[in-house]
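Below is one structure; the comments refer to it alone.
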Amino acid sequence: MPKNLGIKEPWRYGAAGISIALRVTPRGGRDDIDGIEQLSDGRSVLKVRVRAIADGGEANKAVLVLLAKSLGVPKASVKLLSGATSRLKQIAVDGDPARLGEALRQLASAKSTD
């Protein structure tokens, strides 16, 4: 039985798009989405790794570019809501919430590990 059955999706739907809870690994060797993980407090996050270092906002920029590219939206549609200096971040993505949610589901399920 897959472990991630009880994990809820780490994004919330809004009128103008979605907000996503992320856990970012800077200097992660590659720019990629690693699936969904449950934190010790029970919250779900989308795991993202980027090659950029966490210095002067470089990792944050890389995360926004990666999400825009992965979701097929313009970079201007992806904004950092909170967590600029933390590994845990909230990101807003403007666009059709249903399409974005489906794209995230596919990206996350392709990567989630058992």
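Points to keep in mind about this one:
- Heavy-atom accessible area with a 1.4 Å probe sorts S70, S109, largest first, into S109, S70.
- Residue-normalised accessible area of the chain, given per residue in Å² at a 1.4 Å probe: 56 Å²
- For I53, the solvent-accessible surface with a 1.4 Å probe is about 80 Å², rounded to the nearest 10.
- For the chain, a Gaussian network of Cα nodes joined below 10 Å ranks S44, S82, S19 by mean-square fluctuation, and the top entry is S82.
- What a 1.4 Å probe finds exposed on segment 11-84 is 52% carbon and sulfur by accessible area, rounded to a whole percent.
- Cubic angstrom per residue, convex hull over Cα atoms of segment 4-80: 107 Å³
- Relative contact order of segment 1-91, pairs being alpha-carbon contacts under 8 Å that are 6 or more residues apart, as %: 26 percent
- Relative to the Cα centre, the charge distribution of the chain, modelled as +1 at Lys and Arg Cβ and -1 at Asp and Glu Cβ, gives a dipole magnitude of about 140 debye.
- Accessible-area order (highest first, 1.4 angstrom probe) of the listed residues K75, K61, K47: K75, K61, K47
The values are calculated or read from the model by the stated rules, or taken from the named source; none is laboratory data. Computed from a predicted model, the values in this text were never measured in an experiment. A quick note on method: Cβ atoms are made from the backbone with ideal geometry, for glycine too, and the neighbour counts reach across all protein chains shown. Accessible surface areas use protein heavy atoms only, side chains included; no ligands, DNA or RNA. Shrake-Rupley method; radii C 1.70, N 1.55, O 1.52, S 1.80 Å.
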